DNA sequence: CATGAATGAGTTTTCATTCAT
DNA sequence: TATGAATGAAAACTCATTCAT
């Protein structure tokens, strides 16, 4: 059948795309935009350099796509928090553990690079601009507010608290790229003192 | 006079070197090794590209020199802590403020890049290897220990505490590269709860 | 078919390599390692400069490959002598004419350059070191010995004779690079008096 | 006194020039025009690169001067032959030994390079053009002619004989640049058979 | 006269991208 | 689709030459 043939084609195409994107995050996140050669990505994805251009018009487009993807990813991660069970602080703890241990750091790295490095495509820059820390703060704000009302979280401007929390988390993600993740359980305990204040 | 002539030459040479190194940290820390073109550094230093090679054999050598320098720099910064007045926790607060606000973040950035990026000269990698977080932990360990004895710092394995503190600080330095430094005073307060536990 | 496709690719690749090597001997032998620009070779081979680097990692590697090749070539030439018909001295005459007239002088030139010039890659130097005149002497020794037994060749230490013969030949090859080859027939006659002693 | 002062100045200047020229032959003869950096010559002469330009306008001028010098030198050497004592063939033997053992090969090398390499200043090329092997042949012609009349030298066109002799000698000079001069005495014996025919 | 820092044009080398197969 | 050869523009690096001291 035509259609099933076409579907198969599409599926293959999508799989290839994923395959490339997967390879690309890894390489980009470790070497930066400029430091990454298309041939490296092709290599990592197990295809020829030429084929990359059947799926992505250019290095820039590939990177931009990746950043877009990474941003969605990180947002969903944040939103998970609300689905966890337990009190607000427990939710926050679970979220923290998830972020620090899960090892999606490549995404954060990518976003960070897009934000801080020069030599990044304008399109990626634009994407990032609309996606400041504020966005994340807004996402978590209700949770922290609730935590304060319950008395689990220290008093003070909740926005500031969230901002501080996110900064620390982000920083740690960046560091995490290379460290061997050890005793994070304890770390989370210590970390959370910052917001529980005890 | 011969000697004064020679001295002058030497002085010029040293000044140029500093001038180049200064320009180079800035550029490298923002763009990474690969993303940095020699011409950018030359530009930033206000000299011709060719002249760079009178002072440094190659991009790699320049970068390696810089990493070496950055490591010394960051150690001295840490050691400052012991010269501050006040109780241990006050010293730590001062150090924290110094680090976060002073804007030496370029150095940290550089070290981090050397540690985490591929495409970094082997010589730099080797330098970094002998210079893990442990070194810093050892530097601050006595201060934290003392703080615990005085009762200013929360109980628990002090090594772990220092490690946690340093990780957070390092992470923030990385982030700081680009952010507009705002209300850090408050942040430091919140941050320190992590180690004071109150 | 896969396989035929692959074979074709390989063939193209090999042809290109030869094409480049051919162009390179010519240029290198006339201009020396340093005097030769990659663009000249590319030009002579009718390809773009960039393509050279698909086939050879660097100028040095290209040169070294060439020297290796030249050494093999020159040895085979010597070994030809034994296949010629006639008495020993006739074989030597034929060999001499072959060498002097055939115009493989580019190879000799190359080897000579590798041996005598500075600014030649270490790898090439090493190759050459194991390939002194002695090697050639040993190759021709039996032929000369036989010639003496037959009475065609003058008495005396045959090694010395061979060495002398080879030196003269080598020297002439070097000169020959540029001269218009004229009446070599006579020259060979005169030349051979050196070893026939009459 | 003014004048003596000026003379001294001149003398120093000339000494410097010689010093530079001496250094330059050595380097040029081994590395070729393109392979030689002005800084190498300066180094070899023990002066600063800048100072070279007080004595020679450019690399090309320096090289050209050198070629001129080398040509004069080699001609005088040839002319020596006539001053030696003994029969023609003895004179030739002495000349041959002088040339082969004295180790002025750097000059020959230089001339050869000027003749055969590309990348040589036009001025040097022009000099060389008027200075072909013919010139040398003419110089030695009378000596060989006389030798034939005396019966020391084999019959045949003397021009051809001289040409052949000179070619061989020149070739050996080129080779000699690097070899450790060993038992040349014997070689000369063997060599001369070429022209004595016995 | 002497030095060596400084320049900039020219080379080598790299790599995103295209294209024939 | 898939490959990898081919191109060319851009970057790293070299070096003859100039120039301030």
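Observations on the structure shown:
- Taken together, the residues in region A:39-74 that are in a helix (DSSP H, G or I) and more than 10 Å from DNA strand E (Cβ to nearest atom) amount to 15.
- Residues in region D:1-15 that are away from DNA strand E (no atom under 13 Å from the Cβ) and part of a helix (DSSP H, G or I) were compared, and the one that is farthest from residue C:113 (Cα to Cα) is D:2.
- Region B:77-86, residues that are over 17 Å from residue B:135 (Cα atoms) and surrounded by 14 or more Cβ atoms within 10 Å (Cβ to Cβ): B:84
- The listed residue being at pLDDT below 85 and assigned by TED's automatic domain parsing to the domain that holds residue A:153, out of A:97, A:122, A:72, A:102: A:102
- Flag for residue C:100 being more than 12 Å from DNA strand E (Cβ to nearest atom), within 16 Å of residue C:16 (Cα to Cα) and in contact (Cβ under 8 Å) with a residue 40 or more places away in the chain: no
- Just one residue in the set D:33, D:27 is farther than 30 Å from residue D:149 by Cα, away from DNA strand E (no atom under 16 Å from the Cβ) and in a helix (DSSP H, G or I); that residue is D:27.
- Residue B:111 falls short on exactly one of the conditions (1) over 16 Å from residue A:172 (Cα atoms); (2) in contact (Cβ under 8 Å) with a residue 24 or more places away in the chain; (3) more than 11 Å from chain A (Cβ to nearest Cβ), and that condition is (1).
- Positions within region D:75-92 being part of a helix (DSSP H, G or I) and in contact with a helix residue (DSSP H, G or I) (Cβ under 6 Å, 6 or more places away or on another chain), in sequence order: D:78, D:81, D:88, D:89, D:91
- Restricting D:72, D:68, D:18 to residues that are without any contact (Cβ under 8 Å) to a residue 40 or more places away in the chain, under 18 Å from the mean Cα position of the chain (by Cα), within 25 Å of residue D:116 (Cβ to Cβ) and away from DNA strand F (no atom under 13 Å from the Cβ) narrows the list to D:72.
- Residues located in region C:66-76, provided they are surrounded by fewer than 19 Cβ atoms within 10 Å (Cβ to Cβ) and within 23 Å of residue C:11 (Cα to Cα): C:68, C:69, C:72, C:73
- Pair list, Cβ under 8 Å, 6 or more apart: region D:37-57 residue under 13 Å from residue D:23 (Cα atoms) and away from chain C (no Cβ under 14 Å), other residue more than 7 Å from DNA strand F (Cβ to nearest atom) and not in a helix (DSSP H, G or I): D:42/D:48
- Test result for residue C:153, within 14 Å of chain D (Cβ to nearest Cβ), crowded, with 18+ Cβ neighbours inside 10 Å and outside any helix (DSSP H, G or I): yes
- In region A:47-64, of all residues being surrounded by 19 or more Cβ atoms within 10 Å (Cβ to Cβ) and under 19 Å from the mean Cα position of the chain (by Cα), the one that is nearest to residue A:12 (Cα to Cα) corresponds to A:62.
The values are calculated or read from the model by the stated rules, or taken from the named source; none is laboratory data. Owing to the predicted nature of the structure, the values given are computational and were not obtained by experimental measurement. Counting neighbours? That spans all protein chains shown, and the Cβs are built from the backbone with ideal geometry, glycine included.
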